[in-house]
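Undergrad: Dropping the structure in here first, questions after.
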């Protein structure tokens, strides 16, 4: 009897009210995978390899990662980039154009020097690093060969790495025929035939649960201000920090990568342009809330309406 009790005690920590839970530490964040049935040893090993590949490529704080080696690249030197880097860079380049330069991942040049408000504001106002913080400094040759025209230019994938990671794991689980699962990483959530209590993992303001039925949303990313400044808090067109702490943005397309970067970069767009009508006309499911004269305002696109509580 004692043996049975010990066995239950050892197994119990790996089970929760949702089923089987596996937690990975990735770039100072927890990635949580929930499944109804245990993953096999081979599946766990494959997931670990995929996560290692992503961090080995995109983690700017790992001196051995590809992006760190790219950031240290000498002027006009060429380097062949892995597919993950190429694909993610092209998405960020598209959003640099969509936001008309407001979102600029080369603002990591400033963050690599300091994350202190006073210093960052000094850099932004003085234009000291203007020649370094430009997407035009990065050149692409024959699809995957990259170079920099300014050695000082540095880049980060902090605006999209959560979505890339979740998409990679989601696609793998679907390929493996896993019948039900949920993945939560930072601000990104995706579900497949799985019930998940979102409030357990993401700190969403309580008033949103009275407005949105999250059980109807299979994949989404949410923008909430936190205590760290990232590239998507720096408006490089206006040379100022965008740290409006009353703003919430939720994007709920089928692509976790798109959800992640959209939610993170829309905070750099003028809020008046996002909220000047009762229903937004964007072609993707978008929800925003913000304060105006001490009242919380809600705006959403027509494609998001199905997720609202009736």
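Undergrad: Pull up segment 102-136, narrow it to residues that are assigned to a loop (DSSP other than H, G, I, E, B) and in contact (Cβ under 8 Å) with a residue 40 or more places away in the chain, then point me to the one that is surrounded by the most Cβ atoms within 10 Å (Cβ to Cβ).
TA: Step by step, filter segment 102-136, then rank; the result is 103.
Undergrad: Hey, among the residues in segment 184-199 that are within 26 Å of residue 291 (Cβ to Cβ) and more than 11 Å from the chain's Cα centre (by Cα), which one's surrounded by the most Cβ atoms within 10 Å (Cβ to Cβ)?
TA: Among them, the one singled out is 198.
Undergrad: Using the structure shown, decide if residue 139 is surrounded by fewer than 20 Cβ atoms within 10 Å (Cβ to Cβ) and touching a strand residue (DSSP E or B) at 6+ places or on another chain (Cβ under 7 Å).
TA: yes
Undergrad: Let me ask something else. May I ask you to list the residues in segment 32-54 that are under 17 Å from residue 184 (Cα atoms), in a helix (DSSP H, G or I) and either touching a strand residue (DSSP E or B) at 6+ places or on another chain (Cβ under 6 Å) or touching a residue at least 24 places away in the same chain (Cβ under 8 Å) (or both)?
TA: Selection gives 47, 48, 50, 51, 54.
No value in this document is a laboratory result; all are computed from the given coordinates. These figures come from a predicted structure and were not determined experimentally. Positions of Cβ are generated from backbone atoms using ideal geometry, with glycine treated the same way; all protein chains shown enter the neighbour counts.
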